[in-house]
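In what follows, a structure is listed as structure tokens, so that the remarks can point back to it.
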Amino acid sequence: MTETRPAQGVPPPAFYRRALEQCPDPIMVTDTNLNWPGPTILFVNEAFERMSGYRRGEIVGHSPRLLQGPQTDPEVLRHQRQQLEAGEDFVGETANYRRDGEEYRVEWKITGLRDDAGRITHYLSVQRDVTRLWQERQLAQGYQREQKRRMRLLTLLHRAALLAHDAGASRREEVLQHFAVLLPTSLREPARAAARIAYNGRHYTSPGFQPLPPLHREALYTTLSGPGVVELTPRPGWADTGGGPDAEEVSILNAVLEVLRVYLIRVETDQAHQKGKRLMTLLHRLSTDQEIAKADKGRILLEEGLRAFNADVALVAHRKDDALRVLRALPEPGPPPGEVLDVTALLPADCGAIDDLRVGISCTWYEAPRHWLTGTGHVGPPLHAGLQAPVVVQGRCAGYLGFFCTSENCAGWTPMDAESVQLLAQWLGGQWNEELHQRHLQRQRDTLNHIDRVGLLGELATGLAHELNQPLAAIVNYADAVTDRVAGEGPVEKAELLRLLDKLGAQAERASQVVERARAFARREPGRIPERRLQPRQLIDDVRDLIDLELRRGQASLKFVMPDALPDLRVDPLQIQQVLLNLVRNGVEAMHAHPDAEDRRVRLTVEESDGYVRFSVCNTGPGMSERVREGLFEPFFTTKPTGLGLGLPISYSIIEAHGGRLWFEETENVTCFCFHLPIPRSTGYTKGGSGNKG
């Protein structure tokens, strides 16, 4: 038998096995079963053992599925089977797991081993651990994605910044509409979604928006009391392409929304600042403009508040008899003045009751309209939002101020608006408190004025008696004459009797006028006598009899100088006449204290000067000492043996209350007490006219 020897140069079979064993690349040989549970491992080399951690005896006889785990890509495995079933080679990459459970990335190529007939009898898998390469590739891809994300973000932020930059409140609608169009571009597929922005009671949508269940929804918080809403909804044809935006898309969307939010806060803050300036200017005007009647101030405040807050309804109510009663409501016709209001339903739970309504609270509601109730059970209009604050006087809730919106798409209000309403309510409280104070002071002034007038009449009593004696004596004489004529034996002349009776009646009228003027001067009506327009001459004529009495009592004369034409004054005539009589009496008494004075004459001058009518009462004499000058207008200061020392202080307060001023001037041997009163606007007066002396 001849020994068969290998052909020259052809390695023996053991050589090929050693080649596979010593190959530096991991190698696996399996059978060709592709059905469950898969092919069986027949051989692995040492490199494979090092890569997988499995010893040959632990893995041979098992399926390659032993190496697979959660991150193994099933799509790669399906593709592998398809290629092998087609008799083709396969190259792929996926995640495998070592014996200790550590994940690694493997790249492998499978080739079918064929027999002489060309049939595949085994599969040869040459593998490579590409974990490091895969990690580097992932880092590179992540960097590229981040770069793309940053570029998209920068592009969007640049566009957003261009929209918001220097855009004021007048362009807010335009900016919001542009942002609604811009927001879908935060997605990788902008055509996938449309956007809607709900802000301040209005809606702004991008093209293609439909009211579908949103892919994503975000609250848009600004300074408004209620947040806005931003929604991304699927556009037609994209409704079934997946869920909402991923984390990267949401981060870009939020960055763009932050630009919008900052813009809106800036605009809202600027508007609130301008609104506050307008309201401060309004309150200053209401506090200082003397031409605005008190009755009109509340109306003006509500009208300006309606415009400033863009509200539909405004009202102010005063608390009386434990009930809120309407003082004024706009627009008209609203609840009439005096109507009892129940505003409990307008106060959300966090506001408290009307007794402890927190100052400046901004009460805004959206769920359903609220209504006030009247004392007659009438339900007020539907109110969808409200700003309301208490009017506090002397530490208690004395009233209620409210501005309301009747629209379902009501414009929102900010905390700064609430502070502005609080400011208006505080101003109202100050006005009401001042009115209470002024009424109290007026009662005190009326009492002092009455005391002063009665005192004056007491001092004039002797002159009044003399003034009455003359007409009374004449009445007696005329009555005797009539009696003699009637009782006589001769014929009675009717004409003569009528003449005597006319004279008797005239003397009775004269006496009646003296008494009536004295009574009117001393009478104290309840409350302040209403001011009225009248001529300065009428002021003096109505009290001339009392002035003449004082002059005769002091044996003095009067020089009266006044032009024919002077503007009307708006005054309380009784109080101004009291001042004039006080000053004349003081002048007469000053001259009476110096009997050696040669010229015992009082000079009363009335003239127009720089928007005022000036009254001057001057008398001759040696003048006043420094001590007297310093104490002139101090209460209870007097140089007379009798008297309260209230005449000049009361006169001073009367003139000051009329918007004028009382002062004194001294020249050599002449002392003048002067006061001036403001000329009301629109008197129709033209300066000029000749003088009138008396």
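Quick notes
- When every residue of region 285-296 is checked against the conditions, none turns out to be outside any helix (DSSP H, G or I) and under 23 Å from T414 (Cα atoms).
Rundown of residues vs (1) in a strand (DSSP E or B); (2) at pLDDT below 85; (3) under 21 Å from Q575 (Cβ atoms); (4) of a type outside the set (A, V, I, L, M, F, W, C), yes/no style:
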site	(1), (2), (3), (4)
D599	no, yes, no, yes
V628	no, yes, no, no
S653	no, yes, yes, yes
G684	no, yes, no, yes
G689	no, yes, no, yes
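- From L212, L224, residue being in contact (Cβ under 8 Å) with a residue 24 or more places away in the chain, under 26 Å from V316 (Cα atoms), not in a helix (DSSP H, G or I) and not polar (S, T, N, Q): L224
- Residue under evaluation N35, criteria (1) at pLDDT below 90; (2) assigned to a helix (DSSP H, G or I), criterion not met: (2)
- Some residue of region 96-106 being more than 17 Å from V130 (Cα to Cα) and surrounded by 14 or more Cβ atoms within 10 Å (Cβ to Cβ): yes
Let's see how each residue does on (1) at pLDDT below 85; (2) surrounded by 18 or more Cβ atoms within 10 Å (Cβ to Cβ):
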| site | (1), (2) |
| --- | --- |
| G228 | yes, yes |
| L232 | no, yes |
| P236 | yes, no |
| P245 | yes, yes |
| L260 | yes, yes |
| L264 | yes, yes |
| V267 | yes, yes |
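- Scanning region 667-682 for residues that are closer than 15 Å to V602 by Cα, surrounded by 16 or more Cβ atoms within 10 Å (Cβ to Cβ) and either modelled with pLDDT under 55 or of a type in the set (V, I, T) (or both) turns up just one, T671.
- Taking the criterion of being buried (at least 19 other Cβ atoms within 10 Å of the Cβ) and either assigned to a strand (DSSP E or B) or touching a helix residue (DSSP H, G or I) at 6+ places or on another chain (Cβ under 7 Å) (or both), the residues of region 376-396 that qualify are L383, A385, G386, L387, Q388, A389, P390, V391, V392, V393.
- Leading residue by the ranking (surrounded by the fewest Cβ atoms within 10 Å (Cβ to Cβ)) among those in region 527-582 that are in contact (Cβ under 8 Å) with a residue 24 or more places away in the chain and of a type in the set (D, E): D564
- Y366, sole failed condition from (1) of a type in the set (S, T, Y); (2) modelled with pLDDT of 80 or more; (3) within 21 Å of T223 (Cα to Cα): (2)
- The single condition among (1) among the aliphatic types (A, V, I, L, M); (2) over 18 Å from G621 (Cα atoms); (3) assigned to a helix (DSSP H, G or I) that V561 does not satisfy is (3).
- Any hit, region 118-134, residues being outside the structural domain of C23 (by TED's automatic domain parsing) and within 60 Å of the chain's Cα centre (by Cα): no
- Meets criteria (over 17 Å from M28 (Cβ atoms) and either loosely packed, with under 13 Cβ neighbours inside 10 Å or at pLDDT 90 or above (or both)) for R114: yes
- Qualifying positions in region 201-219 - surrounded by 19 or more Cβ atoms within 10 Å (Cβ to Cβ) and under 29 Å from A418 (Cα atoms): Y204
The values are calculated or read from the model by the stated rules, or taken from the named source; none is laboratory data. This structure is a prediction, so every number in the text was calculated from the model and none was measured. Note that we place each Cβ from the backbone using ideal geometry, even for glycine, and neighbour counts take in every protein chain shown.
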